[in-house]
Amino acid sequence: MSELVKESRMADADQDLVTQSQTGDPAAFEALVRNHQRMVHSLTFRMTGSLADAEDLAQETFIRAYEQIGGFRGTAKFSTWLYRIAMNTCLNWRQSEARRFHLHENCAREISTHHLNGEISSGENQSNQQVQAALLKLPAKQRSAIVLTIYDGLNHAEAAQILGCSETTVSWRVFAARRKLKSWLCKNGGVS
Amino acid sequence: MNDFDLDSKLKSVPVPERTDEYWESFPSQVRINLRRAAVRPVAENFWLPRLAWAGGGFALAIALVFFCIQFNVLQTASASIDRHEKHFHAQLVQLDTGLHTLMLNTHGMNYLLTDAN
């Protein structure tokens with residue numbers, strides 16, 4: 001089955017579940033959560049670098065989505081609409097300075113846990129930590145542009161729709177973020 | 001490092017995988033939290049923002065009309081004083097010690113005399 005057909009069927013299934021959720025059916029909403037939970041977790045982890053915070057933000061995203069589902073008119077895909085809520089939840093997530101300071105440590109520990117489980121090699125582990133640390137050093141808006149365009153593969157127009165800004169702004173944020181990431185990773189990773 | 005290298009490097013960092021039990025329990029956890037918070041889907045009120053804008057616009061229009069009326073009254077009074085200034089001065093010079101006040105009413109510009117005693 002082609003990706004387009006799969007996507008279309010998923011969109012149809014989402015539409016039915018959304019309609020049922022709008023009438024207050026929690027089971028239908030639970031099914032929507034099941035369909036999109038991995039995507040939302042992935043986004044919240046990339047934005048926070050912490051599994052615990054990613055879980056909290058994913059919970060908050062779905063709770064907000066349920067509150068606002070009455071206003072969903074189906075003009076955009078449900079996943080795009082949900083992405084937008086998840087991204088806004090992440091951007092509104094206020095980090096205290098202390099929390100920000102510990103962020104890198106948490107992230108390193110979580111990646112190291114995988115290393116200890118034998119899932120990745122030592123060199124890979126170090127490189128992953130550097131990349132994740134560099135990503136977390138970016139300003140939140142630039143990080144969100146990188147997460148949407150590079151990790152989730154959205155084009156700039158789709159990312160702009162989710163971030164509520166112009167395509168040009170997204171392009172600029174991606175450009176600025178790339179420049180910083182290259183500089184940091186070359187400095188720390190010895191990449192030519 | 002070019003853009004392609006950077007993208008490859010970024011994509012090589014995996015999101016830590018969670019257990020199957022976690023993915024199984026997460027949706028029901030959301031449902032429990034929704035029940036705990038007694039959250040209900042709220043139909044977005046389509047007319048509320050429009051009504052607020054219309055109300056604001058109406059209030060602004062009223063304020064503008066009121067301002068124009070006030071401005072017009074002041075302009076009229078000022079023009080009337082200017083027009084009759086000579087006449088009033090001539091009249092006032094003829095008065096002895098009486099206190100006098102100029103006043104504007106619906107009949108036009110008048111002077112009011114009061115006895116000093």
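Setting aside same-chain residues fewer than 8 positions from A:Lys180, which lysines have a Cα under 29 Å from its Cα? Excluding near neighbours in sequence, the set is A:Lys137, A:Lys141, B:Lys9, B:Lys11. Computed from the Cβ-Cβ distance with R0 of 30 Å, the FRET efficiency linking B:Ile81 to B:Ala59 stands at 0.35. Residue-wise HN-Hα couplings along the stretch A:63-73, as the Karplus relation 6.51 cos²θ - 1.76 cosθ + 1.60 with θ = phi - 60° gives them from phi, are 5, 5, 4, 5, 4, 9, 5, x, x, 6, 9 Hz; Gly and Pro carry x.
B:Leu60 sits with roughly 130 Å² accessible to a 1.4 Å probe, with DNA, RNA and ligands left out of the calculation.
Net charge within 10 Å of A:Thr44 by Cβ-Cβ distance, Lys/Arg positive one each and Asp/Glu negative one each, not counting A:Thr44 itself? Intermediate values should be presented prior to the final figure.
Working: positive: A:Arg46; negative: A:Asp53, A:Glu55, A:Asp56, A:Glu60.
Every neighbour counted, the sum reads -3.
Heavy-atom accessible area for A:Lys77, with the other protein chains in place and a 1.4 Å probe, reaches approximately 90 Å².
Nearest 100 Å², what total accessible surface is buried between chain B and chain A (probe 1.4 Å)? Heavy-atom accessible area buried at this interface is about 3700 Å².
Would you work out if the stretch A:33-90 is rounded, prolate or oblate? Take a ≥ b ≥ c from the square roots of the eigenvalues of the alpha-carbon gyration tensor; rounded if a/c is under 1.5, else prolate when a/b is larger than b/c, oblate otherwise. Here the stretch A:33-90 falls in the prolate category. Full extension of the chain between A:Gln20 and A:Ala52 yields a length gain of 8.5 nm, computed as 0.36 nm times the residue separation minus the alpha carbon distance.
The values are calculated or read from the model by the stated rules, or taken from the named source; none is laboratory data. Everything numeric here is computed off the predicted structure, so don't read it as measured data. So basically every Cβ, Gly included, is an ideal-geometry build from the backbone, and we count neighbours across all protein chains shown. Heads up: the accessible areas ignore ligands, DNA and RNA and are worked out on the full protein's heavy atoms, side chains in. Shrake-Rupley method; radii C 1.70, N 1.55, O 1.52, S 1.80 Å.
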